[in-house]
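The structure appears right after this line, and notes come after that.
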Amino acid sequence: MTSVTEAPSKPGAPAQVSGTARLSAIKVEPLTCTIGAEILNVNIGEARHDADVMAELRALLLEHKVIFFRDQDISRADHVAFARYFGELEDHPVAGSDPENPGLVRIYKSPDSPNDRYENAWHSDATWRERPPFGCVLRCVECPEVGGDTMWVNMAAAYDRLPEHVKTQIDGLRARHSIEATFGAAMPIEKRLALKAQYPDPEHPVVRTHPETGEKVLFVNAFTTHFTNFHTPANVRFGQDYSPGASELLNYLVSQAFVPEFQVRWRWKPNSVAFWDNRSTQHYAVMDYPPCHRKMERAGIVGDVPY
C-alpha cells in the first residue's frame, strides 16, 4: 500500500495537510521485504484529528508490523493522544512514567547507569501481563550519535517458516511468562515477591492467532520461562524428554527471533518515532554505545488476552 502525490512544503518537515489531501500525501517506503516501513508526509500530532489517516496508519501497521516516522517535533501530550487513539494506555511497574502524562513511560539511560541492560534481549513488551500490549509508540528524545539502534522481528514470518514437524509439535502448547524472573531478578527478595504477587505469571499460547489478521504468531520470548502442558505421555517417556527436552525446544523457538531475514533495524535520531504491533513482533534495543544519555519515551497501548 503506497501512495505519493505531494512533498512536504518545507524540506525535512512532515506535510501539514488535512482530510483527503493528507491521506493522498502519505508516502510509504518499505525497509525490508519482511517487516518495517518508513512513513513520510505525516505528522502524528496532527494525524490523530483525521479518522481516515488514522485508519490508513492502522492498516499500514498491520501490513508492515512496525512503521517509522522522522522529524516528529511533537509534545508529550501529542504523543500520548496519538497512542490513545488506538486504545487505553498502561503504565509500567518498574520503568518510570511522566507524572504529567500517565501512560508515557520514560526509558532514560545515562552514564550513571552503565549496567542497566534489561532491554538488550529479544522480547515482546509485557507478555508478563494477562493482556499484553496491542502496540507501542516510541519516540526518541535524545540518543548517541552512533549506536543505540533498535531491531524488530516479524514473528508471524518466524512461525510460518518453521519446519512442519515443529509446528505439529507445538500446536496447543502453552507457556508461562514472568516479570519476577526478569525485571524482578535483581530486586531484594521481598520486593521481588511483591512484584510477582501483583503480576502473577500468566499462561499464554506458544502460538497465538493475531486477532485482526488471523496470522499465526510464534509467541515466546525473553519473558517466557517454561511450557505448562508439555509433560504428557505423548511427549515424555523418561525424565530427559522433559528436562532438558522441553527447555531445548523452548530455546529453539526463542532463537527464531535471531534470524536476520525476519528483521529490520532502525537508526534513531531525535524526534524519530516507531509504532509497532506488539502482538506479532519482538524487538531488541542494541546496547552498543558508550556510557552516554539515551532518552526514549514510550506509550504502551492495552491489548487483549492472547488465544
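Quick note: the coordinates plus some simple rules give every number you see, no bench work behind them. Only a predicted model underlies this, so the values are computations on that prediction, with no experimental measurement involved. Positions of Cβ are backbone-derived with ideal geometry, glycine not excepted, and every protein chain shown enters the neighbour counts.
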Env charge @ GLY135, Cβ radius under 13 Å, K,R +1 / D,E -1, value 0
The extension gain from ALA185 to SER75, computed as 0.36 nm times the residue separation minus the Cα-Cα distance, is 36.1 nm
Checked the range 161-224 against the a/c 1.5 cut and the a/b vs b/c comparison, axes a ≥ b ≥ c from its Cα gyration tensor; verdict prolate
Across the alpha-carbon set of the chain, Rg over Rh with Rh taken as the Kirkwood radius works out to 0.98
Under the rule rounded for a/c under 1.5, else prolate if a/b exceeds b/c, else oblate, using alpha carbon gyration tensor axes a ≥ b ≥ c, the range 140-270 is classed as oblate
If each part is reduced to its alpha-carbon centroid, the range 226-300 and the range 31-51 end up apart, in Å, by 25 Å
Once the dipole of the range 149-220 is set up from charges on Cβ (+1 Lys and Arg, -1 Asp and Glu), the residue from the list ILE170, THR150, GLY184 lying farthest towards its positive end is GLY184
Which of LYS191/LYS216; LYS27/LYS65; LYS65/LYS167; LYS109/LYS216; LYS27/LYS295 exceed 25 Å between C-alpha atoms? The answer is LYS191/LYS216; LYS109/LYS216; LYS27/LYS295
Counting Lys and Arg as +1 and Asp and Glu as -1 over every other residue whose Cβ sits under 14 Å from the Cβ of GLU38, the net charge comes to +3
